[in-house]
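Only one structure is covered here, and it is reproduced in the block below.
The values are calculated or read from the model by the stated rules, or taken from the named source; none is laboratory data. From a predicted model like this one, the values you see are computed outputs, not experimental measurements. Please note: Cβ atoms are built from the backbone with ideal geometry, for glycine as well, and neighbour counts cover all protein chains shown. For accessibility, only protein heavy atoms count, side chains too; no ligands or nucleic acids. Shrake-Rupley method; radii C 1.70, N 1.55, O 1.52, S 1.80 Å.
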Amino acid sequence: MIIRCPHCDTKNRVLAERFDDAPTCGHCGRPLLEGAPIALDDENFAAVLGASRRPVVVDFWAAWCGPCKMFAPVFEQAAARHPELLFAKVDTDANPGISAQFAIRSIPTLALFRNGQLAKRASGALAPAQFEQWLRSP
């Protein structure tokens, strides 16, 4: 699967069986899956969810969305604080297949996946404390 480095935006090929072996970027050498959200698209979404042993938190967003822009720093800060989770972002305009599959009707929409299956979701930009509570709740 192809994963864009969240630090330098370089495309990296990661084998599914090596996904949880702390892959690093071939260009900048920084971790691909820690400390910052990764970009998912119609092509790699299912593969990443299937390969991750960690729960995956997905932010469905769009570039034109004001609340999405306001929530982005909260999401990025949570990614840095929670290495036990994999944080990912899906641009709903660029990836209509995923958006349709999960019936994304408002953005931002947050979704938590465990073992590749949707466990819970929330719509709207959450305040930092609300987002932390949402992450910790079952």
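The charge dipole of region 1-127, taken about its Cα centre with unit charges on the Cβ atoms of Lys, Arg (+1), Asp and Glu (-1) only, comes to about 240 debye. Against the main long axis of the alpha-carbon atoms of the chain, helix 66-81 sits at an angle near 50°.
At full extension, residue 103 and residue 120 could sit 4.8 nm farther apart than now, given 0.36 nm per residue minus the alpha carbon distance. Computed with a 1.4 Å probe over protein heavy atoms only, the accessible surface of the chain comes to 52 Å² per residue. Which one, [x] 11, 35, 31, 17, 5, 1; [y] 12, 47, 36, 5; [z] 11, 37, 27, 15, 7, 3, 1, gives P(r) over Cα pairs in 10 Å bins from 0, in percent as derived from the coordinates shown? Answer by label: [y].
Roughly speaking, to the nearest percent, how much of region 44-138's 1.4 Å accessible area is carbon and sulfur?
Details: 2670 of 4620 Å².
Carbon and sulfur together cover 58 percent of it.
Given R0 = 30 Å, the distance between the Cβ atoms of residue 27 and residue 54 translates into a calculated FRET efficiency of 0.80.
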